[in-house]
1. Restricting to segment 171-200, what's the tally of residues that are touching a helix residue (DSSP H, G or I) at 6+ places or on another chain (Cβ under 9 Å) and either of a type in the set (F, W, Y) or part of a helix (DSSP H, G or I) (or both)?
2. Kindly indicate the residue of segment 49-58 that is within 13 Å of the chain's Cα centre (by Cα) and over 22 Å from E347 (Cβ atoms) and also surrounded by the most Cβ atoms within 10 Å (Cβ to Cβ) among those meeting that condition.
3. Conditions: (1) outside the structural domain of G182 (by TED's automatic domain parsing); (2) β-branched (V, I, T); (3) in contact with a helix residue (DSSP H, G or I) (Cβ under 9 Å, 6 or more places away or on another chain). V357 meets all but one. Number of the miss?
4. Out of the residues in segment 150-193 that are more than 21 Å from R416 (Cβ to Cβ) and charged (D, E, K, R), state the one that is surrounded by the fewest Cβ atoms within 10 Å (Cβ to Cβ).
5. Hey, does segment 325-340 have a residue that's part of a helix (DSSP H, G or I) and either assigned by TED's automatic domain parsing to the domain that holds A171 or of a type in the set (S, T, Y) (or both)?
6. Are any residues in segment 22-79 among the hydroxyl-bearing types (S, T, Y) and assigned to a helix (DSSP H, G or I), and if so, which ones?
7. Just name the residue that is nearest to V234 (Cα to Cα) out of those in segment 274-284 that are surrounded by fewer than 23 Cβ atoms within 10 Å (Cβ to Cβ) and touching a strand residue (DSSP E or B) at 6+ places or on another chain (Cβ under 9 Å).
Amino acid sequence: MTTSGPISGLLTDLYELTMAAGYFEAGKAEERATFELTVRRLPARRGFALAAGLAQAVEYLTRVRFVEEDLRYLRSLPQFARAAGDFYERLRRFRFTGDLLAVPEGTPVFAGEPVLTVSAPLIEAQIAETYLLATIGFQTMVATKAARVVQAAGERAVVEFGTRRAHSPQAGVLAGRAAYIGGCTGTSNTLTGRLFGIPVFGTAAHSWVLAFPKEAEAFLRLQRLLGEGTTYIVDTYDTLEGVRQAAALGAPLWGVRLDSGDLGALSRQARAILDGAGLTQAKIMATGDLNEYKIRPLVESGAPIDAFGVGTDLVASADAPTLGVVYKLVELESDGTRRYTAKFSKEKYSYPGAKQVFRYPDHDEIACAWERREGAEALIGPVLVRGEPASPLPDATAARARAAAALAALPGECRRLSAPKSRRVEYSPALKALARESRRRMEGGVR
């Protein structure tokens, strides 16, 4: 993520590697396998999921390697005591040589729809599972949450402020990226800004004010440093007195930040103080454990807040902190013969075969990959072909624009914050027939 070097193939679950060794021993490692990464089901409070993380999936697939230190470690594990020496040689020359197809980042997706498809030698497609699930699942979760927060804020800006509450510093970097795709104006994470060309924003902490004997001195020093970008945090001691101190300094400034208390009432009083000092262009930012459910009533009440900073609830997607993404084998080709695979257990039913998702104005259709439709948008397209980029990926700014347009086109019932309803998703007759035939063959013992 921050270097151009290889990504270790050990960044995966152990069972991916033990299965890889087993495939190699069984002579199946080079069979052509197709896996699909899908959102199995949407969380209760989500009417859609906003796809994100594809850029990091591509980065992984094009850079994953097993270096000598990785191979020595694997040899030391008891699980690999019986693995043949040729298996380590296969890992030594490991490269992703397959195809990757995916929906573009910033695309709303629904339960059961493939987000990406991997078609590669079985050993390559299997080892990739853990990383792909992690990066797509996490960023999609955060992008979806961000889209909801931005919707609640209406025309007011939302800045992602969550790295300090993210599950790791690395997660904070990618959360800032995903939140931007979801519609946030920018992020407080400086590395996210450098890596992905995303606008960065920051104010000052309470520690800045506490570091000076007087609040007025702290404000003056900040103004001398930041000029027109100055944003004063005003609730270290007394919120309204802090606003008065800021107003007394006059221009230049961006505005003030309210970080606690009754944000609706305080914003009105702060607006009056600023306007009374002739600072009608000064802005008010609100922060402090915010989410879409707290922002919406502030906006609906007409509170004069120009921007919101949202941290913990955004990077952790606190009301829906997990996303049920799965990675399932749907096809396997050996000696020119293709076998379609699927799970038929009641709670984890899946459809066989590589698929395409067609988007119509009023519904989606999941179909076999070879099917074609007039009057519908085919969402899944080539990203990597034989391990090489099919075309340059859109950057985060382009993904953000795609998300904004696609979300605006969704029915309101999909986007509402409470009790949303998912889009109608149908399965094509050909796909249903393939599922029936695959089940018949499985139950009849036909191979």
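The values are calculated or read from the model by the stated rules, or taken from the named source; none is laboratory data. Computed from a predicted model, the values in this text were never measured in an experiment. Counting neighbours? That spans all protein chains shown, and the Cβs are built from the backbone with ideal geometry, glycine included.
1. Adding up the residues that qualify gives 16.
2. A52
3. That leaves (3) as the condition not met.
4. Step by step, filter segment 150-193, then rank; the result is R164.
5. No, because not a single residue in segment 325-340 is part of a helix (DSSP H, G or I) and either assigned by TED's automatic domain parsing to the domain that holds A171 or of a type in the set (S, T, Y) (or both).
6. Matches in segment 22-79: Y23, Y60, T62, Y73, S76.
7. K283
Okay, residues lined up against (1) in contact with a Cys (Cβ under 7 Å, 6 or more places away or on another chain); (2) under 19 Å from A390 (Cα atoms); (3) modelled with pLDDT under 95; (4) outside any helix (DSSP H, G or I):
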| position | (1), (2), (3), (4) |
| --- | --- |
| T97 | no, yes, no, yes |
| V115 | no, yes, no, yes |
| I123 | no, no, no, no |
| L133 | no, no, no, no |
| I136 | no, no, no, no |
| T144 | no, no, no, no |
| V149 | no, no, no, no |
| V159 | yes, no, no, yes |
